[in-house]
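The values are calculated or read from the model by the stated rules, or taken from the named source; none is laboratory data. In this text the structure is predicted, and so the values were computed from the model without any measurement. All Cβ positions, glycine included, derive from the backbone under ideal geometry; neighbour counts span all protein chains shown. To get the accessible areas, we keep the full protein, side chains included, count just its heavy atoms, and leave off ligands, DNA and RNA. Shrake-Rupley method; radii C 1.70, N 1.55, O 1.52, S 1.80 Å.
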Amino acid sequence: MLERLVFSAIIGYMLIVQIFNARLIRPLIETKGRTWVYEQTVKSAWGLSLLIVALIFLFQVPPSQVGLRLAPEPGNEGAWQVFYLSCILVTFTLVFYLLVKTSARLRNTLRPYYELDLEKLLLPRTKSEEQAWSAVSVTAGVTEEFIFRGVLLYTITLYIEAPNLTLAVIGGALFGMAHAYQGIKGVLTTGVVGFGLALLYLGMGVLWPVMVIHVLLDLIAGPIHVDTKSE
């Protein structure tokens, strides 16, 4: 009972903080700068994740229950098929990221898809900011998947028994809500992405491939608005 309440409180806190993020980010970027905001984001995300890891050990939750294992269980052919599919998606996403990094034409093509007011405010504009954004991307990919896929979906199962599709829908909806500061378009986009990543995770029970995909998706956004002549 205590385990359920504690994990629910943490998830609730994450959702509330994320929903009201827009009101905090804009003035902080305008006064402190993007790099400072990036640094604080990294510190807070890792701090919360380490707290959750400590609680997992405290409540003796098997790490595999929150996706912390290297590969699916031996003999589970369905899980291994999803695992191989995820590895293929990782490879394709990595190749696409490298193309974005090296092709100004591709970045120009993608730019209209990153034109939300908050995206233009938050995404890096200089090479040094892009480097700092890399740390944000790795942090978000690892910690958000751990919290919103591993811990969140595990917490839901403490309340109800539901098929993977239902869990993925719930997880995707909550993940979209957590990005409410990006507006309706951002909620829908992140909700769909969250649903897809949740399906992959639930299908194989392993977090690290979806973490890598998430990291790469965030890294792709990094150079979109960067002035190639900056610094």
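At an R0 of 22 angstrom, the distance between the Cβ atoms of Ala162 and Gln65 translates into a FRET efficiency of 0.90. Taking the average, over residues, of other Cβ atoms within 10 Å as the packing measure, peptides 139-145, 187-193, 29-35, 99-105 rank 139-145, 187-193, 29-35, 99-105 from highest down. Taking a straight Cα-Cα cut-off under 22 Å and skipping sequence neighbours fewer than 8 places away in the same chain, the lysines within cross-link reach of Lys43 are Lys32, Lys127. Here Leu94 and Val192 are evaluated by their C-beta separation; at R0 = 25 Å the FRET efficiency comes out at 0.75. Computed with a 1.4 Å probe over protein heavy atoms only, the accessible surface of the chain comes to 52 Å² per residue. Based on Cα contacts under 8 Å between residues 6+ apart, the chain shows a relative contact order of 36 percent. For the options Tyr38, Tyr84, Tyr159, a Gaussian network treatment of the chain with springs between C-alpha atoms closer than 10 Å singles out Tyr159 as fluctuating the most.
Hey, any idea what % of the chain's accessible area is carbon plus sulfur with a 1.4 Å probe?
Working: 8050 of 12040 Å².
Exposed carbon and sulfur together represent 67 percent of the surface.
On the principal axes of its alpha carbon atoms, region 105-231 extends 54, 27, 22 Å, with the longest extent given first. Full extension of the segment from Arg105 to Phe57, taken as 0.36 nm per residue of separation minus the current Cα-Cα distance, would add 12.5 nm.
Principal axis extents of the Cα atoms in the chain, from largest to smallest and rounded to whole angstrom, are 52, 36, 29.
Taking every full run of DSSP H in the chain, the ones that stretch at least 30 Å from end to end by Cα along their long axis and average -0.5 or higher on the Kyte-Doolittle scale are 34-58, 77-102, 183-204. Comparing Cα centroids, region 105-133 and region 58-72 end up 35 angstrom apart.
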